[in-house]
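Remarks on the structure that follows.
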Amino acid sequence: MRFRPAVLAFLALFATGALAAQAPAPSRNFQIILLAASQQGATSLQDLPASAQKALQDIRPFLPYKGYALADMSWLRSSGRTQAELKGPDGKGVSF
């Protein structure tokens with residue numbers, strides 16, 4: 001089967017246009033909140049965002065801890081792989 005040059009040129013342009021028209025990967029935002037938990041002590045949730053306070057209140061009955069304190073938090077934006085390092089309660093870095 002013989003193709004004419006005009007047909008091949010059209011197919012090449014169509015394929016190139018289709019590749020160029022592909023949208024980049026969507027970026028996603030993540031909020032990472034690192035809490036220090038203890039078996040005793042009062043919880044100080046005032047530093048937590050309201051959404052994190054609600055999430056903690058929802059799962060609290062299933063957790064064995066009584067006290068929580070904010071160690072660190074971060075916002076990440078990624079369209080693929082990403083890494084973050086937060087500070088733990090002892091000041092040491094925790095990588096995600």
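At a glance:
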{"item": "Strands (runs of 3 or more DSSP E) lying entirely in the stretch 17-91 (those with 2 or more residues that are loosely packed, with under 14 Cβ neighbours inside 10 Å, in contact with a strand residue (DSSP E or B) (Cβ under 8 Å, 6 or more places away or on another chain) and at pLDDT 85 or above)", "result": "28-38, 67-78"}
{"item": "Qualifying residue in the stretch 85-95 (condition: closer than 30 Å to residue 24 by Cα and charged (D, E, K, R))", "result": "yes"}
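The values are calculated or read from the model by the stated rules, or taken from the named source; none is laboratory data. Given the structure is predicted, the values throughout are model-derived calculations rather than measurements. Here the Cβ is made from the backbone with ideal geometry for all residues, glycine too, and neighbour counts use every protein chain on show.
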